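The values are calculated or read from the model by the stated rules, or taken from the named source; none is laboratory data. Treat the numbers as computed from the prediction; the structure is a model and nothing was measured. Heavy atoms of the whole protein, side chains included, go into the accessibility calculation; ligands, DNA and RNA do not. Shrake-Rupley method; radii C 1.70, N 1.55, O 1.52, S 1.80 Å.
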Amino acid sequence: NAGVTQTPKFRILKIGQSMTLQCAQDMNHNYMYWYRQDPGMGLKLIYYSVGAGITDKGEVPNGYNVSRSTTEDFPLRLELAAPSQTSVYFCASSSQAPGAFFGQGTRLTV
Amino acid sequence: AQSVTQLGSHVSVSEGALVLLRCNYSSSVPPYLFWYVQYPNQGLQLLLKYTTGATLVKGINGFEAEFKKSETSFHLTKPSAHMSDAAEYFCAVSETGGFKTIFGAGTRLFVKA
């Protein structure tokens, strides 16, 4: 049982480049989330989704976009990479029960 | 608005000693409270959670936490630390049961032999 799978694990981007961070879950969870983790700051919610076709902004959405065309997949798009987006990104999912399952993370350097 | 404060960014204990990681929260409604653990280069793993009912919650690896409404606290404890407990621990609060979960800054636990 894979759980939440994130790809890639590491990526280096130049300023202004774009990329998509992939996230897939095989637990049939309705809720999915994207967080970024910066040293000493905990995790900040970027975007979340409560089901296919429904997404909403979290605490720090600027510079990112998401889509949710299927229950399983929740990709995060960075359109114009900036140094401030250097971070570790985590995707997570949950069912109706409180508490989320996290992926292994993507370490991004801009 | 909900928020979480973890007291102490680093805590060091000896193997076999009591582990106490402190967490205080603020919430305008009865909260859901969580502790997550993160090992190096890994994602977060749910350690335990409080939703309703019994205020003393037991989790994995011998950890437990007590919800104290009057103190707005949810401290994490373990009677006897093991070397394998060395990790970063995050307290989190949610007013909505899951999404829009707010995380504390984290406490890194060091265990000395």
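Partners of A:K14 within straight-line reach, counting aspartates and glutamates whose Cα lies under 14 Å from its Cα and excluding those fewer than 8 residues away in the same chain: A:E79.
Its residue count N fixes a reference of 2.2 N^0.38 Å for the stretch B:1-87, and the Cα radius of gyration divided by that reference is 1.09. For chain A, the direction-averaged projected area of the alpha-carbon convex hull comes to 6.4 nm².
Find, to one decimal place in angstroms, the Kirkwood hydrodynamic radius of the stretch A:39-104, where the mean of 1/r is taken over every pair of different Cα atoms and then inverted. The Cα-based Kirkwood calculation yields 13.1 Å. Over the protein assembly as shown, the pair-distance histogram of Cα-Cα distances with 5 Å bins from zero comes to 1, 7, 15, 19, 19, 16, 12, 7, 3, 1, 0 percent, rounded to whole numbers. For chain A, the carbon plus sulfur part of the accessible surface works out to 52%, probe radius 1.4 Å.
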